[in-house]
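Visitor: If you scroll down you'll find the structure; I have some questions about it.
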Amino acid sequence: MSEAKPSPVWRFTERGAIRADAAAIARLIDTHAADGGTLARDADEVADSIGEFVVVEGRQKPSSADASEWIAACGALVMFSPALAEIRSVAVDPASQGQGFGRRIVERLVAEAAMLEIDRVVLLTREPGFFRRCGFSEVDEAFLPVDFLEEMIVARGRTCAGRAIMLRSLS
């Protein structure tokens, strides 16, 4: 009877995104855009706003013969005002789902907002249950500042229709 070979050991690192990640982030976001989970973003658009993104990077242990790395999850924190920021483009690689990477991304973005002394973080989602588990509460559109809706939603060709508006207070 032959011994089973050990399966590869993977490591995951949470970090700020870098320009070299832009194409992989755009591809990951686009996998969720097809079903309306996120808005499609091209690599140039992601590269232009790379400082807003954080990623979970998967990497096979260096001793493995077929070492590789990939972006397992991503998300962005977009500042609107000193009191309000928006979380956008949260996406997890389908092969990496169920490992807590989406939650890690959201918590990292919330921690960044808290460090910047932002009072509230808002997001639009079709997955309100997930974000409730991350400490967000559903609010009505009327709760958001009109200038936020005009600048961050309407002017960018986005809509609140079919999405839950979620808010987390940090103060």
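The values are calculated or read from the model by the stated rules, or taken from the named source; none is laboratory data. This structure is a prediction, so every number in the text was calculated from the model and none was measured. Cβ sites come from the backbone with ideal geometry, for glycine too, and all protein chains shown count toward neighbours. The protein model used for the area step is the full one, side chains on, heavy atoms only, and it has no ligands, DNA or RNA in it. Shrake-Rupley method; radii C 1.70, N 1.55, O 1.52, S 1.80 Å.
Visitor: Out of all the residues in segment 121-171, which are modelled with pLDDT of 95 or more and of a type in the set (S, T, N, Q)?
Guide: Correct list: Ser137, Ser169.
Visitor: Another one. Leu109 is checked against (1) more than 16 Å from the chain's Cα centre (by Cα); (2) surrounded by 18 or more Cβ atoms within 10 Å (Cβ to Cβ) and fails just one. What number does that condition carry?
Guide: (1)
Visitor: Does Gly129 satisfy the criteria of being of a type outside the set (A, V, I, L, M, F, W, C), free of Cβ contacts under 8 Å to residues at least 40 places away in the same chain and on the phi > 0 side of the Ramachandran plot?
Guide: Answer is no for this residue.
Visitor: Please list, ordered by first then second residue, the pairs with beta carbon atoms under 6 Å, 6 or more apart or interchain, first in segment 83-97 and within 21 Å of Pro145 (Cβ to Cβ), second outside any strand (DSSP E or B) and open to solvent by 20 Å² or more (accessible area, probe 1.4 Å).
Guide: Ala83/Asp119
Visitor: Moving on. Which of (1) closer than 23 Å to Glu45 by Cβ; (2) surrounded by fewer than 13 Cβ atoms within 10 Å (Cβ to Cβ); (3) among the hydroxyl-bearing types (Ser, Thr, Tyr) does Ser89 not meet, given it meets every other one?
Guide: It is condition (2) that Ser89 fails.
Visitor: Anything in segment 26-45 that is in a helix (DSSP H, G or I), in contact with a Lys or Arg (Cβ under 9 Å, 6 or more places away or on another chain) and of a type outside the set (Gly, Ala, Ser)? List them, or say none.
Guide: Correct list: Ile29, Asp30.
Visitor: Could you count how many residues in segment 23-57 are at pLDDT 95 or above, open to solvent by less than 40 Å² (accessible area, probe 1.4 Å) and among the charged types (D, E, K, R)?
Guide: So the answer is 0.
Visitor: Return yes when Asp66 is at pLDDT below 95, farther than 21 Å from Leu116 by Cβ, open to solvent by 20 Å² or more (accessible area, probe 1.4 Å) and under 16 Å from the mean Cα position of the chain (by Cα) and no when it is not.
Guide: Criteria not met by Asp66.
Visitor: I would also like to ask the following. State which residue is surrounded by the fewest Cβ atoms within 10 Å (Cβ to Cβ) when the search covers only segment 115-171 and only residues that are among the basic types (Lys, Arg) and over 21 Å from Ala33 (Cβ atoms).
Guide: Of all residues in segment 115-171, those among the basic types (Lys, Arg) come to 120, 126, 132-133, 156, 158, 163, 168.
Remaining after also requiring over 21 Å from Ala33 (Cβ atoms): 120, 132-133, 168.
Working: Arg120: 19, Arg132: 13, Arg133: 11, Arg168: 18.
So, considering only residues that are among the basic types (Lys, Arg) and over 21 Å from Ala33 (Cβ atoms), the one surrounded by the fewest Cβ atoms within 10 Å (Cβ to Cβ) is Arg133.
Visitor: Quick one: would you say Arg120 is among the charged types (D, E, K, R), farther than 21 Å from Val46 by Cβ and in contact (Cβ under 8 Å) with a residue 40 or more places away in the chain?
Guide: Values: among the charged types (D, E, K, R): yes; farther than 21 Å from Val46 by Cβ: yes; in contact (Cβ under 8 Å) with a residue 40 or more places away in the chain: yes.
So Arg120 fits the description; yes.
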